[in-house]
Amino acid sequence: MSLQYPALIVVVPLLSALVISIAGWVNKRWCFPITVAALAVAAYSSVGLLFRVLDEGVIVYKLGGWDPPMGIAYYVDHLNGLVLAVVSIVALLNAIASKKSIEQEFPEKIGPFYTLYVLMVTGLLGIVVTGDAFNLYVLLEIAALTGYGLIAMGGGRGPLSALNYLYMGTIGACFYLLGVGYLYIMTGSLNMVDIAGILPDLYQSKAVMAAFIICMVGVWIKMAFFPLHAWLPNAYTHAPSASSSLIAPLVTKVMIYVMIRLILTIFTPEFSFNILAVSKPIVWLSVIAIFMGAILALKERNLKKMLTYIIIAEVGYMVGGAWLGNRVGMTGAILHIANDALMTLCVFLAVGNIVYKVKGAEFEDLQGLFRKMPFTMGAFIIGAISMIGVPPTCGFFSKWYLISGAIQAGHYGFMVALLFSSLVNVVLFFRVFEICFYEPFSDHHGHGHDRHPEPMDEAPVTMLVPLFIVAAILVLVGLYTGDIVNHIIEFAIPKGLV
Amino acid sequence: MKIIGLIVAILVGALLVYAAADFPAWSDPASPASTYLSPHFIEKTMEETSVPNIVTAVLADYRGFDTMFETTVIFSAGMAVFLLLRTFRREEPEARHYRHVLTGVTLRVKEGGELPPSDDFERIDSLWTPHDLIIKTVCRLLIPFIQLFALYVIAHGHHSPGGGFQGGVILGASIILLAISQDLRTAVKRMAEKLDALLCSVGVLIYAGTGALCLLLGLNFLDYSALASVLHVDSIMARSHGILIVEIGVGIAVMCTMIWIYNNVSSGGKYNQGL
């Protein structure tokens, strides 16, 4: 069966999504178990696949039995093996953690919600596993469409921000498709490895250069890279908890994976870094992204919105790291995909718990939370110090690689930006801790004098256990960073890049 | 802001046109797109899949995996519209309106009140526009022929332009025409919401399930030649039959999604008389 892992990763969630939508009409209680079972199979297959890749190297799976480039093929190497495992595990943990909040927020629409949830995971896993540039676009469409639906379920301004996201996301996807179209005209192929083989003769062609630029800009829109980021904060803030803790950790990270795949596999580092002399300006752009993300986060008075601006700064980390053009920076960027997905999941799950109990994430709502929800806040602290970059949490190590890469490339602006953003994160998170810790819980009945100690009112166990698992993973990944880099990421980067 | 937008649009357009200078000439027989993979498809499709229509073979077999996900895209769109628009919590109106079809008399029935037992009443909304007799009759006459043509388009995709997507859209359009020419309640009576939603999933399930069956029979996902042992034909013919099976799945999924989206959008998720 292990030969079929690449197909199972995508096919099992797809079939389950259809079964869930049927179950939604027959008996709603079946939806959740099917969701968890499907995501567990996907997670099991992707971890199994990662271990197979570690043993055997690149795995090719021919869909429909046709040889590439006639048919579509899946290529699983160390790079997407790692990202697949992260995506499927994050999706599984979030599905378990958000059961209660889904039941609370839209009890009569559980079936369609889980259907879109699982379809979205299918789309994200499909984007990562595929070795075909057009197949990637189709899965991108699925991930995007379902994402718009999941975000628009948020009340209030949710639908409006989802509409805004829809416009931007559609433009981004169109740009990517246009770029693939240009590549197809020039090479006649859609298979990534095949295109990479044909391109060297065409490196001087203007059309190939344009294809590269259009694809890159499209992917940047999708990942909310700084000047193109405007859709992200509102969309993620107004989404329901269950959606935002799926979409915030995964979508931007998967798009960064796509960018790295474009750089490393389709266009090769030789073309991306040497023939096109654009690395320096792009790293400067990411410096601006980091600064702006950090500064805009400072002015927010809503915890969830503050975190969305931190995501924008983190996107700057990874784009900059990938474009430094050296091995250490690329290692940092790839490692940060995994780490950032996990720590974003950690803080968003914690916020989900808070919203579940307090019904809001404005700073005023957070007062006295340490006493009220000590376990949630404990996990939130671990996520926060990982985002700041304190050892032994994983955030420290990827930031370390990024800074080393910046020094090696002689790009001190990027180094300064990373340090600045870490300091701002310290300010941001300690301000939140202060509000949660010191100020008394506001008493709505106006009895300002007699302060009853607010009774503990913690989120349900099903929400806490996944949160603790994520927090533990943050520390574990930090402790095993050396193994991850030496056994996985080392082989994910082509030898040519030094 | 408008001026910035205009400048950006012009710059992007200029880049695309500038880059297009390197393209091969129009209909150049020596261009990469027509020399690299196309000869294989043109020469080998009949031999490898026994489907005379090359486009169908590329769409549903060589790149069948993409097509499966295109069907899923349509399914997700329908599902997203349903998730967002459908309102299950009814704001119960104080009174319902019924129209006596033969006399045109409108009855207003208060909450808890009952109608006289008769089939001559139809439920209407308070804002009701009368049906036009000519439109109603012409559409009733047309719809069966539209549906027959749709089935032909689905079934004949192997030989002529057509296939599941096109046929499915035509089938869906026939039901939507019924909803437009009469009202949504009439159409939903023919095609209930639950049936429609279930068929949506079943359609995609036929496609993905065929792929999974190939996987269970020991070959790769969507490798239709594995169906040979089930269908009792040789492995080349099995590919042709596999394509027909998935086209039927696509047809069902597309038809139901079209109807589903129309129903939800036209009635704002309330499933009243619509539009």
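The numbers here are math on the coordinates, done by the rules we state, and not lab data. Just so it is clear, the model here is predicted, and its values are computed rather than measured. Don't worry about glycine lacking a Cβ; one is built from the backbone with ideal geometry, like all the others, and counts go over all protein chains shown.
Look at the stretch A:277-287: the mean tally of other chain Cβ atoms within 10 Å of its residues' Cβ atoms is 0. Ordering A:E270, B:E43 by the number of other Cβ atoms within 10 Å of each residue's own Cβ, fewest first, gives B:E43, A:E270. Can you tell me the 0 to 90 degree angle between the C-alpha axis of helix B:235-266 and the longest principal axis of chain B, rounded to 10? That works out to roughly 30 degrees. If R0 equals 60 Å, the separation of the Cβ atoms of B:S160 and A:A472 corresponds to a calculated FRET efficiency of about 0.50.
Using the Cβ-Cβ distance between A:L160 and B:I236 with R0 = 60 Å, the FRET efficiency computed as 1/(1 + (r/R0)^6) comes to roughly 0.65.
Along the stretch B:98-115 the Karplus relation, 6.51 cos²θ - 1.76 cosθ + 1.60 evaluated at θ = phi - 60°, assigns HN-Hα couplings of 10, 10, 7, 4, 6, 9, x, 7, 9, 9, 10, 9, 6, 4, x, x, 10, 8 Hz to successive residues, with x for each Gly and Pro. Compared with the dominant principal axis of the Cα atoms in chain B, helix B:38-49 is inclined by about 70°.
When cysteine pairs in chain B are screened for C-beta atoms closer than 4.7 angstrom, the residues that find no partner are B:C139, B:C214. In this structure, B:I54 and A:M456 have a Cβ-Cβ separation that, at R0 = 56 Å, corresponds to a calculated FRET efficiency of about 0.25. Extending 7 Å from the Cα toward the beta-carbon at both B:L216 and A:A277 defines two label points whose distance is 6.1 nm. Between the Cα long axis of helix B:2-20 and the first principal axis of chain B there is an angle of about 30°, rounded to the nearest 10. With a simple spin-label model that places each label point 7 Å from the Cα along the Cα-to-Cβ direction, the separation between B:W128 and A:V36 comes to 5.0 nm. Taking the charge dipole of the protein assembly as shown about its Cα centre, with +1 at Lys and Arg Cβ atoms and -1 at Asp and Glu Cβ atoms, the residue from A:I337, A:N191, B:L216 reaching farthest to the positive side is A:I337. The gain in end-to-end length when the B:A95 to B:D119 segment is fully stretched comes to 6.7 nm, 0.36 nm per residue minus the alpha carbon separation. Peptides B:129-136, A:188-195 ranked from most to least packed by the mean count of surrounding Cβ atoms within 10 Å: A:188-195, B:129-136. Highest-first packing order for the peptide set B:100-113, A:273-286 is A:273-286, B:100-113, based on the mean count of other beta carbon atoms within 10 Å.
In chain A, the DSSP-assigned H stretches of four residues or longer account for a calculated mean residue ellipticity at 222 nm of -24000 deg cm²/dmol, using -39500 (n - 2.57) per stretch and the full residue count as denominator. Greater than 28 Å separation of Cα atoms is the criterion. Which listed pairs, A:K109/A:K372; A:K304/B:K270; A:K359/A:K399; A:K222/A:K399, meet it? Checking Cα-Cα distances, A:K109/A:K372; A:K304/B:K270; A:K359/A:K399 exceed 28 Å. Peptide A:254-263 shows a mean partner chain C-beta count of 0 within 10 Å per residue C-beta.
Sorting A:H487, A:H78, B:H156 from the fewest to the most surrounding beta carbons within 10 angstrom yields A:H487, B:H156, A:H78.
Peptide B:37-43 is shielded by partner chain Cβ atoms: per residue, an average of 2 of them sit within 10 Å of its Cβ. Listed peptides A:124-132, B:208-216 appear in the order A:124-132, B:208-216 once ranked by packing, highest mean of other Cβ atoms within 10 Å at the front. Applied to the stretch B:143-153, the Karplus parametrisation 6.51 cos²θ - 1.76 cosθ + 1.60 on θ = phi - 60° returns per-residue 3J(HN,Hα) values of 3, x, 5, 4, 5, 4, 4, 4, 4, 4, 4 Hz, with x for Gly and Pro. Footprinting exposure proxy ranking of B:F165, A:F437, A:F370, fewest other C-beta atoms within 10 angstrom first, gives A:F437, A:F370, B:F165.
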